[in-house]
1. Spin-label point model (7 Å from Cα, Cβ direction): what's the residue 10 to residue 63 distance in nm?
2. Fully extended, how many nm does the chain gain between residue 34 and residue 17 (0.36 nm per residue separation, minus their Cα-Cα distance)?
3. Starting from the Cα-Cα distance between residue 88 and residue 46, subtract it from 0.36 nm times their residue separation and give me the gain in nm to one decimal.
4. Run lengths n ≥ 4 of DSSP H only: what is the helix-derived mean residue ellipticity at 222 nm for the chain, with -39500 (n - 2.57) per run over all residues, to the nearest 500?
5. Residue separation times 0.36 nm, minus the C-alpha to C-alpha distance between residue 24 and residue 77: what's the value?
6. Which angle between 0 and 90 degrees, to the nearest 10, do you get for helix 103-129 versus the longest principal axis of the chain when only C-alpha atoms count?
7. How large is the Kirkwood hydrodynamic radius of the stretch 11-125, counting all unique pairs of alpha carbons, in Å?
8. Roughly how tilted is helix 20-36, in degrees to the nearest 10 and between 0 and 90, from the longest Cα axis of the chain?
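Every number in this text was worked out from the coordinates using simple rules, so none of it is lab data. Every value quoted in this text rests on a predicted model; they were computed, and no experiment measured them. Every residue, glycine as well, gets a Cβ built from its backbone with ideal geometry; the counts of neighbours run over all protein chains shown.
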């Protein structure tokens, strides 16, 4: 983990504080999100790598036994039937390090969240102009 106990200021710093095999898993997730949502912005929020598009799109974080994907409660609820092999909570999906990353599922979750955020962003903009 972070040797200096400083909070990472960007996603690269966040990823580099973990062992190589976990860095690789996070780099794959990061690349997938960037490819799926190229118009999103990367930032750190709540101490986690975050992708922002009209609001928080999705976060991820690395833990001792899993990588957490945080698509918000709607992102978890919508895909719940496909998440039976993972531990979930209101807005979190835990992917154990012992399992392959479900890349197709993560991509579809990101696409779902893009649709939600773009619609919400357009609605906010429309309401502002009324």
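1. 2.8
2. Numbers: separation 17, 0.36 × 17 = 6.12 nm, distance 2.08 nm.
Net length gain for the segment: 4.0 nm.
3. On the way: separation 42, 0.36 × 42 = 15.12 nm, distance 1.88 nm.
Taking residue 88 through residue 46 to full extension adds about 13.2 nm, to one decimal.
4. On the way: 4 runs with 58 residues, N = 130.
Here the helix-only value at 222 nm equals -14500 deg cm²/dmol.
5. Values: separation 53, 0.36 × 53 = 19.08 nm, distance 2.78 nm.
This chain segment gains 16.3 nm when fully extended.
6. Approximately 40 degrees, to the nearest 10.
7. On the way: mean 1/r = 0.0702 Å⁻¹.
Result for the stretch 11-125 stands at 14.3 Å.
8. Around 20 degrees separate the two axes.
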